[in-house]
1. Tally up the residues in the stretch 68-81 that are assigned to a loop (DSSP other than H, G, I, E, B) and more than 23 Å from the chain's Cα centre (by Cα), please.
2. Please find, within the stretch 155-196, the residue that is nearest to Tyr99 (Cα to Cα) out of those that are surrounded by 13 or more Cβ atoms within 10 Å (Cβ to Cβ) and of a type in the set (S, T, N, Q).
3. Pick from the stretch 82-107 the residues that are surrounded by fewer than 17 Cβ atoms within 10 Å (Cβ to Cβ) and not polar (S, T, N, Q): which of them is farthest from the chain's Cα centre (by Cα)?
4. Quick check on this structure: which one of Leu171, Leu194 is outside any strand (DSSP E or B) and touching a Lys or Arg at 6+ places or on another chain (Cβ under 8 Å)?
5. Could you grab the pairs with beta carbons closer than 6 Å, sequence gap of 6+ or different chains, first residue in the stretch 187-212 and over 19 Å from Pro170 (Cβ atoms), second one of a type in the set (D, E, K, R) and surrounded by fewer than 11 Cβ atoms within 10 Å (Cβ to Cβ)?
Amino acid sequence: MRTWSVIALLIGALQSSAQDTVLVRYRPGFDLHEGIYLGFEDLRDDRPSLPLARLKDAKGAPLPDLAGGRQVFVSDSTGALVQVDLDRIWGLCSNNTVYIHAGDGLFRIGMMGSLCHVLYERSYRDWSNVGYYGPMSPMGGPVTRTVQEQRVLDMATGELRPLTSEGLDPLIRRDEVLYEEWNAVPPKKRKEELLFQFIRRYNDRNALYFPVAQ
């Protein structure tokens with residue numbers, strides 16, 4: 001079986017031909033196309049580079065979905081199976097839920113809109129014990145710790161920004177009316193609950209649209 005390195009050569013053949021489309025507003029229950037995203041534009045266009053219909057298991061049988069972390073393969077032009085390295089993809093859509101690569105793996109978008117909310121886990125090595133106990137002490141080795149982090153995915157650019165007042169400011173600025181209200185709140189009072197309120201209001205006022213084939 002060939003490796004991930006040939007996947008890029010298959011994309012053109014795997015994508016469907018261009019169709020006339022109209023823009024449809026995203027609402028809960030919107031029917032997103034399932035498959036694997038190799039880049040942000042795949043999500044933005046609702047057009048996975050590797051659609052679910054093209055994906056197979058190790059025996060060449062069609063995959064029913066992308067749940068469970070199973071191995072994923074595609075067939076090349078000769079019919080040979082090529083494994084998809086899920087650690088190198090941008091994201092995927094399974095059962096109308098979008099997952100993107102962040103931190104330690106694939107994590108779901110919890111709030112979809114022009115500004116999306118993503119909660120993910122990130123592991124790091126903590127060496128603080130070394131200085132306290134000494135490098136030769138059994139208590140002095142590094143410790144792996146896992147933390148949760150929150151980001152806002154900007155569906156206009158694909159940028160992941162921190163869920164903070166500073167992170168949201170340039171995004172809210174695009175809506176002049178809403179930005180006036182934002183500026184009326186002192187930065188020290190922009191706590192997490194308020195940040196979510198402004199994200200929801202921004203999404204209500206600036207709807208997310210996806211292209212849909214006619």
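The values are calculated or read from the model by the stated rules, or taken from the named source; none is laboratory data. Remember, predicted model here, so these are calculated numbers, not experimental data. Glycine gets a Cβ as well: all are built from the backbone with ideal geometry, and neighbour counts include every protein chain shown.
1. Filtering the stretch 68-81 for residues assigned to a loop (DSSP other than H, G, I, E, B) gives 70-72, 76-80.
Then keep just the ones that are more than 23 Å from the chain's Cα centre (by Cα); that gives 76-80.
Final tally of qualifying residues: 5.
2. Residue satisfying both the conditions and the ranking: Thr164.
3. That would be Asp85.
4. Values: Leu194 fails: touching a Lys or Arg at 6+ places or on another chain (Cβ under 8 Å).
Selected residue: Leu171, the only one of Leu171, Leu194 that is outside any strand (DSSP E or B) and touching a Lys or Arg at 6+ places or on another chain (Cβ under 8 Å).
5. Ala207/Arg25; Tyr209/Arg25
Residue-by-condition table, conditions (1) at pLDDT 95 or above; (2) within 22 Å of Asp104 (Cβ to Cβ); (3) among the charged types (D, E, K, R):
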site	(1), (2), (3)
Thr144	no, yes, no
Arg161	yes, yes, yes
Glu180	yes, no, yes
Leu194	yes, no, no
Asn203	yes, no, no
Tyr209	yes, no, no
